[in-house]
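The values are calculated or read from the model by the stated rules, or taken from the named source; none is laboratory data. None of these values were measured; they are calculated from a predicted model. With ideal geometry, Cβ positions are generated from the backbone for all residues, glycine too; neighbour counts draw on all protein chains shown. Note: areas computed on protein heavy atoms with side chains; ligands, DNA, RNA excluded. Shrake-Rupley method; radii C 1.70, N 1.55, O 1.52, S 1.80 Å.
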Amino acid sequence: MKAVIMAGGQGSRLRPLTCELPKPMVPIVNYPVMEYIIELLKREGITDIAVTSFYLPQKIEDYFGNGEKWGVNLQYFVEKEPLGTAGSVHNADELLDETFIVISGDAITDFKLDEAIRFHKDEKADATLILARESIPLDYGVVMTDDNGRIVRFLEKPNWGQVFSDTINTGIYILEPVIFDLYEKDQKYDFSKDLFPLMLEKEMNLCAVALEGYWNDIGSIEAYYQTQFDLLEGINDLQIKPCCVVGEDIFLENAVELDESVEVNGPVYIGEGSVIEAGSHLQNCIIGRNCRIAANTSIKNSVIWDNNYIESNVEIRGALIANNVTIKNRAAIFDMAVVGKNVIIGRESRLKPGIKIWPEKEIEDRTVVDTNIIRQETWKRDLFSNRGVVGDSNIDITAEFVSNLAVAYGSTLGKGDEVVLGSDSYNISSALKRAMVSGLQTVGINVVDIGESISAVTRYSVVHLNARGGVHIRVSSKEANKTVLEFFDQDGVNISIAEQKEIEKKFFTGEFHRVFINEIGDFAYAPEMAKKYLEDLTESLNLEEIKRNYFSVVVDYEHDSLGDILPLFLHKLNCQLLSTRNYSEDSLPISIEKRMEARARVSRIMKANGSDLGVIIDHNAEGLYIITQAGRMLNNCQYQVLISYILLERGIKHLPVPVNTPLVVESLAEEFGATVEYTPMNPQAAMSSYYQNNQQSFSRILKFYPFTDGLAGLALILEEMARKNASIDNILNRLPEFFLNYAEINCDWKSKGRVMRQLSKESDAGSELIDGIKFRHNNGWALVVPDSEKPVFHIYVEGQDMETAESLTGFYLEKVKKIIENEGN
């Protein structure tokens with residue numbers, strides 16, 4: 001059998017360590033990670049190896065040569081431009097005339113590959129993917145198989161609601177040459193995104209096998225750090241290179257000079273030619289070759305590469321130091337600080353935890369470094385949640401952060417593209433919007449600022465102005481100390497997960513597209529867009545029919561943010577607006593949870609004035625809570641069913657709704673000859689499908705999205721009341737009754753994947769794997785969904801009656817609890 005080592009990785013997430021080094025060459029206990037892969041293949045009897053490369057290929061060839069030193073035959077295939085994983089392998093097809101194995105040169109494993117090879121041959125597979133178990137699989141491709149090992153589904157870098165298994169794609173494949181008939185040579189093509197889905201579609205014999213053992217893709221600084229000590233501490237079956245063992249877990253290469261007064265607490269590994277002077281203390285660390293560590297220096301829990309000079313009385317704790325670094329007297333470097341090559345750190349300087357220093361920098365004496373030099377690279381693991389980018393105002397979400405995020409976002413667009421920016425009326429949002437403007441302009445993006453308004457107006461403006469995208473910045477409706485940044489595509493829909501990942505990649509790697517000074521983006525101010533939105537919205541209604549009714553509406557709302565648009569909207573409909581005058585006395589809005597307490601006040605004012613409708617609405621006009629003359633307040637699901645009913649009655653034929661929507665929507669759709677599509681619960685999925693599948697219906701209100709546009713939803717309801725000459729209570733009485741229940745259970749992050757895997761095993765053909773796992777029962781359904789932001793599972797249940805709903809809730813709570821407690825499962 002032959003092999004292909006894919007060695008084209010740039011290792012952008014390992015920067016600054018990989019600024020001038022391809023990822024396969026980063027050292028693991030002083031030897032390149034790719035060397036461990038070559039030795040693994042050699043142990044399996046595989047000696048004919050193709051190496052595909054792109055980034056700094058000469059560094060790989062200079063080190064490994066023709067492979068003779070390792071008893072293998074290496075042939076190199078260099079890409080002129082990135083071809084993707086499958087494209088790079090096709091580049092080496094002249095060598096691959098029999099079954100072959102593909103393995104990444106920048107991951108590390110001790111898998112027994114012969115087990116997978118036997119499985120592949122026994123199953124007569126066209127392709128076999130080698131899987132591993134991963135407790136938090138969000139950054140990997142999840143693979144689902146049937147009981148015979150046949151692949152049934154792929155999920156590339158899923159969100160938590162799509163984690164139906166914890167078996168992930170390791171990027172190790174056993175393949176037959178027949179795959180080369182499926183795609184052209186010299187074109188960009190990916191195994192996971194392109195080839196394997198195509199093979200699944202063609203019903204080829206596509207299999208997978210999960211192997212026991214150690215696997216780490218070294219996909220982050222933290223993973224790289226941990227891999228070093230996993231090997232040093234014997235956690236895996238990989239072997240430390242032959243060297244001298246002088247004590248318990250103390251490993252020395254040749255010609256190490258270790259003063260007898262040095263205190264060494266293993267595990268410690270010291271490279272050839274290094275000198276450790278008197279009084280120094282080494283504990284749980286790896287020292288590269290030809291390093292000099294002067295007297296009385298203390299190094300703990302750290303990885304030091306080659307040719308470093310560390311002067312006396314230096315303190316290093318949990319750090320990663322690249323090659324040729326000079327650290328001067330009494331300097332201190334703390335946890336997970338990373339120092340690139342050829343850096344000089346001055347006397348008595350201090351690098352705070354998590355700091356990254358790019359190569360060729362010099363830190364002056366007595367400097368405290370508390371920010372990255374030169375690029376900021378880390379804020380948190382994932383920027384985006386279901387709601388957008390969310391964080392504590394002016395702590396997580398600062399002007400500097402937003403400016404860098406804007407540059408990253410703009411770098412995913414084209415030079416000269418136009419982006420619409422909107423914000424609510426609060427000072428923090430306005431200040432952050434100015435930072436967003438500056439960042440976008442510096443990468444050549446033209447900006448249109450529509451002023452202060454609501455998200456729905458920003459969405460509308462993106463489409464109306466034919467912009468490439470949009471961003472709306474607002475205070476969170478749930479937690480006033482948090483800021484939310486929502487990103488929209490050219491259709492005014494929240495950007496996809498793939499687009500989010502692209503922005504995150506640019507942000508974390510600092511790969512920004514700077515432009516020449518004469519290409520700086522333009523700026524325009526368009527505050528008239530809120531008025532245009534209202535004009536378009538009201539023109540889509542049967543305005544005269546609504547006006548004739550002169551509806552009286554009691555509204556609990558935030559005057560600071562809705563004081564202009566909401567009264568004007570109701571005035572256009574000839575409605576009487578009665579306000580509860582429940583306005584915030586602070587410079588921030590009242591949370592929607594707190595605002596819900598005004599329900600009794602709204603009902604009292606309605607009763608006193610004979611009003612037709614009561615409304616509680618959040619400051620962004622997204623969350624709309626209807627209160628009827630009978631005092632009933634609709635929750636989110638009841639509102640969703642009401643809006644669905646009105647849309648179906650108007651003639652919509654394709655109704656996309658989140659997967660936790662009550663079943664009555666299906667019966668309503670059947671009544672009107674329409675179909676229901678269940679989507680993930682993130683705001684992008686249903687909205688995108690709504691616009692894509694109902695183009696023929698967009699002559700009227702359907703051009704707006706009333707599920708998250710509160711003014712559009714209110715307009716629909718008032719028009720329905722006018723058209724039927726009925727109260728909201730009468731309309732609601734015509735809708736089928738349903739019984740929903742909800743619960744949540746705490747679950748640590750590392751157990752989530754295991755819970756989903758066990759639940760997916762128990763699912764049957766009637767279960768739905770859309771967002772979480774939806775179990776269908778004769779008397780109802782239950783949906784189990786892991787939260788993407790918190791360590792909890794959500795359990796949504798519908799039953800034929802409330803007793804059934806509560807019983808099903810208890811059943812699934814207990815089921816999840818048992819899986820969590822049974823850690824060995």
Quick one: of the DSSP bridges fully inside region 596-686, what percent are antiparallel, nearest 5? 50 percent
Would you mind checking the tilt of helix 497-509 against the longest principal axis of the Cα atoms of the chain, expressed as 0 to 90 degrees and rounded to 10? 50 degrees
Using θ = phi - 60° and the Karplus form 6.51 cos²θ - 1.76 cosθ + 1.60, what ³J(HN,Hα) does each residue of region 337-350 get, whole Hz, x for Gly and Pro? 6, 10, 10, x, 5, 6, 9, 10, 10, x, 4, 6, 7, 9
For region 278-408, what's the relative contact order in percent, using C-alpha pairs closer than 8 Å and at least 6 residues apart? 13 percent
Give me the net charge of residue 290's neighbourhood, meaning all other residues with Cβ under 13 Å from the Cβ of residue 290; Lys, Arg count +1, Asp, Glu -1. -2
Candidate cut points under chymotrypsin sites (Phe, Trp or Tyr not before Pro) in region 494-587, DSSP loop plus at most 15 other Cβ atoms within 10 Å of their own Cβ, are 516, 550, 583
Calculate I(q)/I(0) for region 510-604 by the Debye formula, one identical point scatterer on each C-alpha and no solvent, and give its log10 at q = 0.15 Å⁻¹ to two decimals. -0.77
Whole-number D in µm²/s for region 436-500 (Stokes-Einstein; Kirkwood sum over Cα pairs; 37 °C, 0.692 mPa s): 261 µm²/s
Measuring from centroid to centroid over Cα atoms, what is the spacing of region 327-362 and region 25-65 in Å? 30 Å
Expected-Rg normalisation [2.2 N^0.38 Å, Cα atoms] applied to region 566-612: 1.31
antiparallel share of DSSP beta bridges within region 167-278, to nearest 5, in %, is 40 percent
Whole-number D in µm² s⁻¹ for region 500-552, Kirkwood Cα-pair radius fed into Stokes-Einstein, 25 °C, 0.890 mPa s: 151 µm²/s
Once amide hydrogens are built 1.01 Å from N within the peptide plane, the residues lying 5 or more places from residue 651 or on another chain with amide H under 5 Å from its amide H are none
Expected sort for 792-804, 19-31, 200-212 on mean C-beta neighbours within 10 Å, highest first, is 19-31, 792-804, 200-212
Using a 1.4 angstrom probe, figure out how much accessible area the chain has per residue, in square angstrom, rounded to the nearest whole. 40 Å²
Only sites in a loop by DSSP and with at most 10 other Cβ atoms within 10 Å count here; which trypsin sites (Lys or Arg not before Pro) in region 59-131 make the cut? 80, 124
A correct Karplus calculation of ³J(HN,Hα) over region 809-817, with 6.51 cos²θ - 1.76 cosθ + 1.60, θ = phi - 60°, whole Hz and x for Gly and Pro, returns 4, x, 4, 6, 4, 5, 4, 5, 4
Whose amide H sits under 5 Å from the amide H of residue 590, counting only residues 5 or more places off or on another chain, with H placed in the peptide plane? 584
Calculated P(r) of the chain - Cα pairs past 48 Å, %: 30 percent
Need one word for region 292-339: rounded, prolate or oblate. Basis is the Cα gyration tensor (sqrt eigenvalues a ≥ b ≥ c); a/c below 1.5 gives rounded, then a/b vs b/c decides. oblate
Nearest 10 degrees, 0 to 90: what angle lies between the long axis of helix 113-123 and the longest principal axis of the chain (Cα atoms)? 60 degrees
I need the semi-axes of the equivalent ellipsoid of region 393-529: take the C-alpha gyration tensor, multiply each eigenvalue by 5, square-root it, list largest first in whole angstrom. 20, 18, 14
Could you derive backbone 3J(HN,Hα) for region 796-804 from the dihedral phi with the Karplus parameters 6.51, -1.76 and 1.60 (θ = phi - 60°), listing whole Hz in sequence and x where the residue is Gly or Pro? 9, 9, 10, x, 5, 8, 5, 4, 5
Can you tell me the relative contact order of region 343-467? Whole percent, Cα pairs under 8 Å, sequence separation 6 or more. 19 percent
With axes computed from alpha carbons, what is the tilt in degrees of helix 683-693 against the longest principal axis of the chain, rounded to the nearest 10 within 0 to 90? 60 degrees
The answer for residue 290, listing residues at least 5 apart or on another chain whose modeled amide H is closer than 5 Å to its amide H, is 272, 273, 274, 307
Over the chain, calculate the relative contact order: mean separation of alpha carbon pairs under 8 Å at least 6 apart, over the residue count, as a percent. 8 percent
Using helices alone, I'd like the mean residue ellipticity at 222 nm for the chain: each DSSP H run of four-plus residues gives -39500 (n - 2.57), total over residue count, nearest 500. -8500 deg cm²/dmol
Loop only per DSSP, at most 15 neighbouring Cβ atoms within 10 Å: give me the trypsin sites (Lys or Arg not before Pro) in region 484-531, ordered by residue number. 514
Mind jotting down the distance between the C-alpha centroids of region 378-427 and region 182-224, whole Å? 32 Å
per DSSP, antiparallel bridges as share of beta bridges in the chain, % nearest 5, sits at 40 percent
Could the peptides 743-750, 485-492 be put in order, highest first, of the mean number of other beta-carbon atoms found within 10 Å of their residues? 485-492, 743-750
